[in-house]
Every structure is written in structure tokens, then in C-alpha cells.
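Notes to accompany the following structure.
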Amino acid sequence: MRDFTNAKKIVVKIGTNILTKEGTIEIDIGYVGRIARQISSLLRSDRQVVIVSSGAIGMGAGQLEMVDKVQGIKMRQACAAIGQPLLMAEYRKSFGRYGVTVAQVLLTAEVLNNRKTYLNLRNSVETLHKLGVVPILNENDSVSTDEIGTAFGDNDRLSALVASKIDADLLIMLSDIDALYDRDPRRFKGAQAVPAVYEITDQIIKSAGGRGSRHGSGGMRTKIEAAKIASNAGCRMVLADGRLKNVIGRIIAGEQIGTVFMPKRKLSNRARWILNSVTVGTINIDEGAMRAVKNRKSLLPSGVVSIEGTFEAGAVVMLNDNVKAVTNFSSAELKALTGKHSTEIKKILGPGRRDVIAIPEDIVFLDY
Ligand code: GLU
């Protein structure tokens, strides 16, 4: 039995494929209206909602009367710039019917990776929620590209990262993929939808196939990746067919629709931020040090074997290949401290420095 009675902060991700009319790039205005009605009713039950909406590129392409899929980064950037205000205008109009104000927040991956801008995002979402406003997020496609490493790649990932960073209780992923299947439904007729997933195993990833159904752009792979991010951060995720009647209300009421991915662990906000940050280097540590951090002890210089990359104090780095941590020392300082005893830190770096590389609260295991 699913129970979302206590889910107060909800992220709803709306994919391009359900926002557009079947087989076209034209936005389905009627669908935006139905989403506005469903989300407005969530607000009346004292919940806070963030929408992550795709569709900017599609709307831009529609405005330019392009009939085919938008090709090339430059054209996608231009279409996003043209389409984003049009998309927002539709949301504004639809929510306006219910007396609800919406706000636009555009993100790049950098914003979430940098602790300061991430805190700014948290604050602005919090303030908007206090004002009863629904923030509508999208990737800032006109300035972010994979090539310069600022892109999320798809809104599935973006929505899961946002859900985890704003401490959401539930991520509802509305897609043309209606559920996770036990086998690839395109290849096996008897494939069954899985109602609940408690652990995302390699077998699940393999058996899910590329896509669950029809013509999703992100496909099942990015949905599972998103579920991993959400579950690691202690947030439940429901993947469901966005075209089902009153789908959001029915999910919240506990109806068994699509697939629910259950969280693995409850993390602090700081741990979530560490987990979802891109690392800038690696501190290779020995077995003894790894055992110590597993037992929730601080990381000391004596266990350091080598340093990779160049980074500042306060950066998020890898410890070997399965742990992320915030380092109290820069890469140059760590090189000087490698293998040394903690008592020597002051002698080597001067007074006023921390005596450990990372405290347990700043060390997070990727696999739990
Ligand atoms: N950000 C893109 C848009 O608004 C969509 C990305 C995606 O579909 O995942 O058009």
C-alpha cells in the first residue's frame, strides 16, 4: 500500500512527450490546463509543488514552424530561447484560472554543483513556496551544453537532482513511459509492470531495456538514473503515464499507478549536496583509512596514499572510487601532508588549520 499522506513537498516532472500532441512537436494546451488543475488542487491540500517542465525547445520549433525534430545544438539553443517564454505563458494562463501564480527558474548543472548557488536556489524556492507560488524549472538550454559540461542532459536527471536538493518527499515523473517492466516490453509480450522497486539492481537496469513504451526521448535509462538519485537522497519517486486521467491526484491518494521507487536511506541536506556534486579530484586512501571512514571516523592524512587533480580546500572530491567527501585541504596541501601524522599538520601548514582531512558528516558513500 502506498501512503503519500505526509508528502508535503512534491516535484512533478513533465516530459516533452506528454506535453506535446501525439507524434508532433506542438504543445498540447489542453494538457497544460489539466496539469494546472491537478497541481492547484494539491496546493489547496497544503502541499508545496515544484514543476520541472520540458517543452521549451518544442514550443520554439513550433513558433518557427519547423516540422521535424530540432537538429544541432545551436538550433536547440535558439528554439529553447524562443520557446521558454511561450511555455511559461501557457502555464501562467492555465494556473491563472485557479488564482495561482507561477515563477520561472532556469538552471544549469553548475548551479546545483556549487554550494553557494545551490543554497540560493533552495532559498528562492522556499520563498516562492511561502508566497503560495509554483516554481517552474527547466534547464537553461540556451547557455548550457554537454560540450562545456554545464548540461544536465535531460530533465529526468534535473528533476531528481532538484528533488534531492530541495529535500522533496516525492518526485512524480510523468512520462509516456507508464511503468518499469520486469522485461523489455518492446521485445517480450508478457512483460509485467513492476509496482514497487526497493533496490535498483543491475538486473533491473538490464531488464528494463532502453525504453518502456512508445517514443520517449529520455527513455527508461534516464528514468532509472533519476530514480537512483532520488532514492539515494531519501526521496520516493513514482514513474507514471502522464496522460492518465487525474494522475497526480490519484498517485497522492495512494492508487497503485506506475512504479514507485522507494528510498534507500535518509540523508542530511549537506550529505545530499555532497552526493550530487561533481567531484574535482581524488584522494586515494589505504585500506585502514577506508575502514575508519566506513566506521564513521574522520579521514586523517596518515591514510592518504596519493592525490589526483588540482582543487581548493572545501571542494568535493572522491575518496578512492566509491566515496565522496568535502576536503579541508587543497590538493597542494594534501600532497605535503600525504602519509603524515595529524599532529604534524600544524608544523607543515602553520597554525589555525583543521587536524583532519574530512569529518564523518562530510563523507558520503555512493553505494549504500
Ligand atoms: N529542456 C528541454 C526543453 O525544455 C527538454 C529536455 C528533456 O526533454 O529532457 O525542451
> Exactly one of (1) under 30 Å from LEU275 (Cβ atoms); (2) in contact with a Gly (Cβ under 9 Å, 6 or more places away or on another chain); (3) more than 15 Å from the ligand (Cβ to nearest atom); (4) without any contact (Cβ under 8 Å) to a residue 60 or more places away in the chain is unmet by ASN120. Its number?
Replying inline: (2)
> What is the residue count in the stretch 225-272 for residues that are among the acidic types (Asp, Glu) and in a helix (DSSP H, G or I)?
Replying inline: 1
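Condition check: within 13 Å of the ligand (Cβ to nearest atom), among the aliphatic types (A, V, I, L, M) and modelled with pLDDT under 90. Does ALA78 satisfy that?
Numbers: within 13 Å of the ligand (Cβ to nearest atom): yes; among the aliphatic types (A, V, I, L, M): yes; modelled with pLDDT under 90: no.
Spelling it out, it is not the case that ALA78 is within 13 Å of the ligand (Cβ to nearest atom), among the aliphatic types (A, V, I, L, M) and modelled with pLDDT under 90.
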> Among the residues of the stretch 12-34, which ones are among the hydrophobic types (A, V, I, L, M, F, W, C) and either touching a residue at least 60 places away in the same chain (Cβ under 8 Å) or outside any helix (DSSP H, G or I) (or both)?
Replying inline: VAL12, ILE14, ILE18, ILE25, ILE27, ILE29, VAL32
> Would you call VAL111 without any contact (Cβ under 8 Å) to a residue 12 or more places away in the chain, in contact with a helix residue (DSSP H, G or I) (Cβ under 7 Å, 6 or more places away or on another chain) and surrounded by 15 or more Cβ atoms within 10 Å (Cβ to Cβ)?
Replying inline: yes
> Taking the stretch 5-30 as the search range and keeping residues that are under 16 Å from LEU244 (Cα atoms) and under 18 Å from the mean Cα position of the chain (by Cα), which one is farthest from the ligand (Cβ to nearest atom)?
Replying inline: VAL12
> Say we look at the stretch 81-92 and pick out the residues that are under 24 Å from SER41 (Cα atoms) and in contact (Cβ under 8 Å) with a residue 60 or more places away in the chain; which of these is farthest from the ligand (Cβ to nearest atom)?
Replying inline: GLU90
> Tell me, which residue of the stretch 162-187 that is crowded, with 24+ Cβ neighbours inside 10 Å and within 16 Å of the ligand (Cβ to nearest atom) is farthest from VAL49 (Cα to Cα)?
Replying inline: ILE177
>> I'd like the residue in the stretch 51-69 that is in contact (Cβ under 8 Å) with a residue 40 or more places away in the chain, within 15 Å of the ligand (Cβ to nearest atom) and aliphatic (A, V, I, L, M) and, out of all such residues, is farthest from GLY96 (Cα to Cα).
In response: MET66
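The values are calculated or read from the model by the stated rules, or taken from the named source; none is laboratory data. Quantities reported herein were computed from a predicted structural model and do not represent experimental measurements. Because the Cβ atoms are built from the backbone with ideal geometry, glycine has one as well, and the counts that use them run over all protein chains shown.
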